[in-house]
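What follows draws every value from the coordinates through simple rules; no lab data is involved. Treat the numbers as computed from the prediction; the structure is a model and nothing was measured. All Cβ positions, glycine included, derive from the backbone under ideal geometry; neighbour counts span all protein chains shown.
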C-alpha cells in the first residue's frame, strides 16, 4: 500500500488540485456571467431613464403649448384679426418645438378651424381617434395619446390632444399636436452604444411607434397579442421590467429592459413604453471567449503538469518532452515557428504556422512558399529586402506585414527572425516566429479613435478616484475659461457656483456610489465669475476588482435651452401683446385670493373693464395703432394699482383688475374712479397722434357679491354690462337686480 501511494500519490495530489482549480474556474465563470448581465441591465435601465427624461420634457412642453392655445382661443375667436394672430402663434410654437409636426384646433363636429398648416384648414377629421376618444370622454384634465397611425408618407405618428369646453362646460372641440417620430428616433439612436442594441417606443396598447435602428417591418407592429416582452411587462403593472429570454418578434435571445412612461402631472390616458434590448449572444461573446481561453489555459496547464510528471518518471525522454511542451505552448499562444534553409531555399513550418496563414500542410509544394501568393506585391518585396539586409549585416529583423488568407480574411502578422550558424560561423538557416497581431493593431486604432473623441466639441473632465483632475480637453478650457495647467491636480469644486446646497452634492455622490453614474442640471462658475447652467454627466470607471479608479464627466452649456423653456412657460400664462397675465393665470390668482380672503376673513374686489370706442380706433388708424393703445392702457392700469394687485387681459379690449385685501367696497370704488380718470386722459402713440377713449367698468365684492370665483366673475361681468347699457363711460358696483 505504501509503495502504491509513493508511486501514484503525486498523481492524486495533482488530480485534486486540478479538480479544485476547475471548480473555481467554473464558479468564477458563472459569477462573471451574472455580473455582466446585472451590469448590462443597470446600463440599459439608465439609458431608458435618459430617454424617459427627454421624452417627459418634450411631452410637458407640448402639453403647455396645447394649454396656451386653449387659453388664447376665446380671444382669437372674438377679436378682429384674431385668426391671423392665432396662426402666427401656432407657427411660432411649431418652430420652437421640432418634435411637433403640426398643431390643430377642431370644432365640436371634428372640422379643423385653426392650424399652422394651411392645407389642413376646413378638413373633416371627426373619424380620427384623437378626436373620437376625447369627444366621448369630454375630460378636460386628460392628455389623450392616440394610437400610432401611418401617414401618407409612410411614417407612424401619434397625436396628443386635449378637450375644449365652452363657458357652459359643454364639449366645444379638441386641440391637438401631431408628434413627429424623426426627433424621437434621433433621441433613441443617440443612446445606442453597440450595433446589436435595439430600441423601440410603443403606445400603451402595444403598437410600435419608433424604432432604432430603422426597421420598416417593426413599425406599426402590435405586440399585445402574443407572449411578448411588452405583454408581460404590461401585465406585471411594474414601472420597470427586465427580461432575458427569446424575443417573439425577432426569435433571438435578448436581454431587455422595458420602462413605462406615464408622468402623473400630464394625466395621460395611455402611457408610452420604452423597450431597449441587446442580443445575448453579442453581449456574452467576450465572456465566451474568456471561458474558452480559460478552458484552453486549464487544458494547457493539465498537459504541462502531466508532461512534468512524465518527465520526472522518464528522464530518458527529456528532450522529446521539452520539444513537445514548447510546441504546445506556442500553439496555445498563437505563435508559429518557421525556418528558412538557405541551401534548399525552402521553408519549414510547424502546424501553428499553417493555422495562422490558413493553409493546408498536405497541399504545400516542395519549397513550401505558397504563402507568397497571400501577400500584396509590395509586402512580399519588403520581406525579401529585410531578408537580404539580415544576410548582409548579420542582424535579426522584426517586421509586420499584411496577408489576405484563402478564406478572404485580412490579417496582420509580425515576424521576428535571427540567423543560425550551428557553430560553424557560416549561416545556414533563418529561424523565426510569426504572431497574428491583428487584434493588437485594432486595439491601437481604437485607442487613437478614443484620443480623437476626447477632443470633441463636448467638454470632458477626467479625475482619479479622489476626484483630483488628471485631464481636460480643449472644449473644457473654452467652456470654463481655465487652462489645463490651472486645473490639473485640483478638484471640480473649483467650478462650484454656490447656488446648490451641500445636500445636492451629497445626493450626487450617493447616486454615483449606488449606480456608478449621475447626470442632471448644474449651475457652475467660469473663471471670469460668470454663473451659467450646464448639463453634467458623470460616469465611474471601475477596475476588474470593481473598485473605482477614475471619474469621467462631460459638460454642455444649456443656457439657450433653459431660456427657450422659460419662454414657452411665459407664453402659457401671459398675454403676448401686453405682457399682462392671461385668463389662465388670472383664474389661478383669483382662486388663491378667494381662499386667502375666506381664511382671514377679508374682502376683495374684482373689476371687469371694457374699453369704449376701441373698435373705431382699429377701423380708422389700423391694428398697429390699436395694439399700441392696448399696451398703453395696460401700463396705465398697472400704475393705478398696488404691486400686490393683478391686472390681466382676457382678450380684445377686455381687462380685469383683482384687488385683494380691501377694507370696504368704497376702497374698490376709489380705485375704479382712479382708473376711470386715467383712461380718459388720452394716449399718444408712436406716430404722434393722441387717442381718446373711455371705459365701462363692473365691480363685484367678495363675499357680498359672490362666495366663489365663478359667482364673482359672473356678477362683475353683469355689472360691466349694466355700465355699458347705461350709456358707457362709467363704473358700476354690482347690484342683485343686474
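Treat segment 455-559 as a sphere of radius equal to its Kirkwood radius over Cα pairs and apply Stokes-Einstein at 10 °C in a medium of 1.306 mPa s; give the translational diffusion coefficient in µm²/s, rounded to a whole number. Don't skip to the answer; put the middle values down first.
Working: Rh = 14.0 Å.
Answer from the Stokes-Einstein relation: 113 µm²/s.
List 11, 338 from most exposed to least, where exposure is judged by having the fewest other Cβ atoms within 10 Å.
On the way: 11 12, 338 20.
So the ranking, lowest neighbour count to highest, is 11, 338.
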- Item | Dimensions (Å) - segment 574-733, Cα atoms, principal axes, largest first | 50, 32, 22
- Message: Using the Kirkwood formula on the Cα atoms of the chain, what hydrodynamic radius do you get, in angstrom to one decimal?
- Response: 33.8 Å
- Message: With the crude spin-label approximation of a point 7 Å out along Cα→Cβ, what separation in nm comes out for residue 139 versus residue 302?
- Response: 6.5 nm
- Note on the structure: In degrees, nearest 10, the alpha-carbon axis of helix 2-78 is tilted away from the dominant principal axis of the alpha carbons of the chain by 20 degrees
- Rounded to the nearest 10 degrees, what's the angle between the helix 665-679 long axis and the longest principal axis of the chain, both from Cα atoms, 0 to 90? 90 degrees
- FRET efficiency, residue 468 to residue 503 (Cβ-Cβ, R0 25 Å, nearest 0.05): 0.55
- Message: Normalised radius of gyration for segment 556-654, please: alpha carbon Rg relative to 2.2 N^0.38 Å, two decimal places.
- Response: 1.34
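At 222 nm, what value in deg cm²/dmol follows for the chain if DSSP H runs of at least 4 each add -39500 (n - 2.57) and the sum is divided by all its residues, to the nearest 500? Walk me through the intermediate numbers first.
Working: 20 runs with 322 residues, N = 738.
Value at 222 nm, helices only: -14500 deg cm²/dmol.
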- Which angle from 0 to 90°, rounded to the nearest 10, does the C-alpha axis of helix 502-515 make with the longest principal axis of the chain? 40 degrees
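So between residue 95 and residue 588, what do we pick up on full extension, going 0.36 nm a residue minus the alpha carbon distance?
On the way: separation 493, 0.36 × 493 = 177.48 nm, distance 2.86 nm.
Full extension from residue 95 to residue 588 adds 174.6 nm.
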- Task: Rounded to whole Å and sorted largest first, list the principal axis extents of the Cα atoms in segment 40-283.
- Result: 66, 31, 31
- Task: Between residue 25 and residue 600, with labels modelled 7 Å along Cα→Cβ, what's the label distance in nm to one decimal, could you check?
- Result: 8.5 nm
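Starting with the fewest neighbours, write out 587, 233, 89 ranked by other beta-carbon atoms found within 10 Å of each beta-carbon. Please list the in-between numbers first.
Numbers: 587 16, 233 24, 89 20.
Least to most surrounded, the residues fall as 587, 89, 233.
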- Task: Just subtract the alpha-carbon distance of residue 239 and residue 543 from 0.36 nm times their residue separation and send over the number in nm, one decimal.
- Result: 106.3 nm
- Query: How much length is gained on full extension from residue 513 to residue 14, taking 0.36 nm per residue of separation minus their Cα-Cα distance?
  - Reply: 175.3 nm
- Query: Mean separation of Cα pairs under 8 Å and 6+ residues apart, divided by the residue count of the chain: what relative contact order is that in percent?
  - Reply: 7 percent
- Item | Projected label distance in nm at residue 380 and residue 483, using a 7 Å step from Cα toward the beta-carbon | 5.6 nm
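Give me the percent of DSSP beta bridges within segment 574-733 that run antiparallel, rounded to the nearest 5.
Details: 25 of 29 bridges.
Restricted to segment 574-733, the bridges split so that about 85 percent are antiparallel.
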- Message: Please arrange 347, 551 by how many other C-beta atoms lie within 10 Å of their C-beta, fewest to most.
- Response: 347, 551
